[in-house]
Amino acid sequence: MLNEKIEFPEIIQGTIGYKFQNWATTYSCEPELYFEPTSVEEIRQILELAKQRNKRVKVVGCGHSPSDIACSDHYLIQLNKLNRILQVDRERKQVTAEAGMMLSDLNEELATLGLALSNIGAVSDVTLGGVIGTGTHNTGIQHGILATQVVTMTLMTAAGDTLECSDTVNREIFQAARLHLGSLGVVLNVTIQCVSAFKIHLQQFPKTLTEVLNDLDTHLQQSEYFRFFWFPHTDKVTVLYADHTDKPVKTSSSWLWNYAIGYYLLEFLLWISAFFPRLVPWINRFFYWLLYSAKVEQVKRSDKAFNFDCLFKQHVSDWAVPIKQTRTALEQLKDWLDNNPNVQAHFPVEVRFVRADDILLSPCYKQDSCYVNIIMYRPYGKEVPRETYWAIYEEIMKKNGGRPHWAKAHSYLRQDFEKIYPAFHKFCSIREELDPSGMFLNSYLEKTFF
Ligand SMILES: Cc1cc2nc3c(=O)[nH]c(=O)nc-3n(C[C@H](O)[C@H](O)[C@H](O)COP(=O)(O)OP(=O)(O)OC[C@H]3O[C@@H](n4cnc5c(N)ncnc54)[C@H](O)[C@@H]3O)c2cc1C
């Protein structure tokens, strides 16, 4: 809600009375002032004003993080007006864009240039600055988290200086900034390594969890973007292969029809199950049968194949375990749920695989990883019990050397991060150097760094 605009001496305008809510409406804040700058100079003035008044600053992307990572009680900046492509290097297939650009817009612009991103997550209504902020990932063991596609970044530090970093310039800052948590400064521009535009052949087919875990190495080699959905309270799995193809675009209309109906039915049935929780295993089985037990093949433009519709609100948690722990972690979770029928888990548990990298706070730092994403929907906004499921899941992930997704709420604190991230202290000293007064901190980051 926008109430009143306040003008400051130079060119900046701040709004009071703005309320921010994240996409899942699970976290919110009411910043003292909210800004939508239209130039780098305006950002500099906002930081200057914050410094003078001893205020903290947070940049928000699309607010898709299911946590309070983007919240601020002081100044909140949205970069939705800094969302253009700045430069295209056709020969190198590299594109420089402003950090407020949404991937949905970038995907369209790249398509007109005959280019694409080699990998993106499940949604594109997120910003470049935001996906690099939290380590957004998809799947494919030859592919790193999205930030591994970044070639150069430009930040504005708390001092109001612009700072460029890449593999050759300010290398250590680059290793930190590609998963910055909004803690190093305002990300202004990002140069990304793109690839030639491509289509993806999607294949979906049924298996059991045991079969998939037995053949994991084969699946990882067989499909470039292999992942699978496991349906808790059952041993049923849908394997999803996704691979480059030259075949013409083809969608499965009968599957799409079931999918559209299924979504509305699912929300209704989940709402009923909030009163009769024992229905959840039946709902999981029914939707497996309706949507995921048949073989389906489709061909889509790459970004459309990576994305899918997340139509209603949900809680999620997503930890990465070293890839060799995949079997143990999933079997422990399955055994626990099988032995505790009073605890319900919605489908799917989404299992994805990501290549190791050298980004200081990446959950895949120096290790190929398996992400296990759990979900509990909030049908028509209704909360359903999830505390026990969440606690057991986290305990299992921790036992297996897991690292939590930074965007998604978790229970880890500084002392835990010190143990699981060999380069944690290095990141802290870079942060302290770039932001000595803690201008970019908020309560999420205080729990992380103090
Ligand atoms: C429906 C849905 C599907 C999702 N699918 C996936 C998925 O497949 N894989 C996955 O890994 N994640 C997924 N996510 C999580 C999502 O990708 C991350 O939360 C991502 O960070 C959201 O981007 P955003 O632009 O909304 O950033 P926000 O949530 O708005 O911000 C994220 C962080 O970046 C900071 N930030 C943003 N822009 C800047 C900037 N310019 N300068 C400095 N700091 C900045 C913010 O302060 C904050 O710390 C999903 C989330 C939803 C709701």
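Among the residues of the range 261-294, write down those that are hydroxyl-bearing (Ser, Thr, Tyr), assigned to a helix (DSSP H, G or I) and either farther than 16 Å from Val343 by Cα or free of Cβ contacts under 8 Å to residues at least 40 places away in the same chain (or both).
Listed by number, the residues that qualify are Tyr263, Tyr264, Tyr288, Tyr292.
Specify the residue that is farthest from Thr112 (Cα to Cα); the eligible residues are those in the range 301-329 that are within 16 Å of the ligand (Cβ to nearest atom) and part of a strand (DSSP E or B).
Ranking the candidates gives Val321 first.
Test of understanding: among Arg278, Arg352, which residue is of a type outside the set (Ser, Thr, Tyr) and more than 22 Å from Thr210 (Cα to Cα)? Before you say what the answer is, go through the steps one by one.
On the way: Arg352 fails: more than 22 Å from Thr210 (Cα to Cα).
Going through Arg278, Arg352 in turn, just one is of a type outside the set (Ser, Thr, Tyr) and more than 22 Å from Thr210 (Cα to Cα): Arg278.
Just to be sure I understand, how many residues within the range 377-395 are in contact with a helix residue (DSSP H, G or I) (Cβ under 7 Å, 6 or more places away or on another chain) and outside any helix (DSSP H, G or I)?
Total meeting the criteria: 2.
With the requirement that a residue be in contact (Cβ under 8 Å) with a residue 24 or more places away in the chain and part of a helix (DSSP H, G or I), what does the range 422-437 give you?
Hits for the range 422-437 are Phe424, Lys426, Phe427, Ile430, Arg431, Leu434.
From the list Thr112, Thr152, which one is outside the structural domain of Gln52 (by TED's automatic domain parsing), free of Cβ contacts under 8 Å to residues at least 60 places away in the same chain and over 19 Å from Asn307 (Cβ atoms)?
Sole residue among the options that is outside the structural domain of Gln52 (by TED's automatic domain parsing), free of Cβ contacts under 8 Å to residues at least 60 places away in the same chain and over 19 Å from Asn307 (Cβ atoms): Thr152.
Regarding Lys236, is this residue closer than 23 Å to Lys207 by Cβ and of a type in the set (D, E, K, R)? Show your work before the answer.
On the way: closer than 23 Å to Lys207 by Cβ: yes; of a type in the set (D, E, K, R): yes.
Spelling it out, Lys236 is indeed closer than 23 Å to Lys207 by Cβ and of a type in the set (D, E, K, R).
If you check Leu181, Leu202, Leu163, which single one turns out to be within 16 Å of the ligand (Cβ to nearest atom), touching a residue at least 12 places away in the same chain (Cβ under 8 Å), touching a Leu at 6+ places or on another chain (Cβ under 6 Å) and not small (Gly, Ala, Ser)?
The match here is Leu163.
Here is a check on your reading of the model: is Thr238 at pLDDT 95 or above, among the polar types (S, T, N, Q), farther than 30 Å from Asp68 by Cα and surrounded by fewer than 21 Cβ atoms within 10 Å (Cβ to Cβ)?
For Thr238, the condition - at pLDDT 95 or above, among the polar types (S, T, N, Q), farther than 30 Å from Asp68 by Cα and surrounded by fewer than 21 Cβ atoms within 10 Å (Cβ to Cβ) - is not met.
Condition check: within 14 Å of the ligand (Cβ to nearest atom) and outside any helix (DSSP H, G or I). Does Leu76 satisfy that?
Working: within 14 Å of the ligand (Cβ to nearest atom): yes; outside any helix (DSSP H, G or I): yes.
Taking the combined requirement at face value, the residue satisfies it.
Can you tell me which of Gly129, Gly121, Gly63, Gly100 is within 12 Å of the ligand (Cβ to nearest atom), part of a helix (DSSP H, G or I) and not polar (S, T, N, Q)?
Numbers: Gly121 fails: part of a helix (DSSP H, G or I); Gly63 fails: part of a helix (DSSP H, G or I); Gly100 fails: part of a helix (DSSP H, G or I).
Of the residues listed, the single one that is within 12 Å of the ligand (Cβ to nearest atom), part of a helix (DSSP H, G or I) and not polar (S, T, N, Q) is Gly129.
Yes/no per residue for (1) touching a residue at least 60 places away in the same chain (Cβ under 8 Å); (2) under 18 Å from Ile359 (Cβ atoms):
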position: Gly381; (1), (2): yes, no
position: Arg386; (1), (2): yes, no
position: Tyr389; (1), (2): no, no
position: Asn442; (1), (2): yes, no
position: Glu446; (1), (2): no, no
position: Phe449; (1), (2): yes, yes
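The values are calculated or read from the model by the stated rules, or taken from the named source; none is laboratory data. Just so it is clear, the model here is predicted, and its values are computed rather than measured. Glycine also receives a Cβ, built like all others from the backbone with ideal geometry; neighbour counts cover every protein chain displayed.
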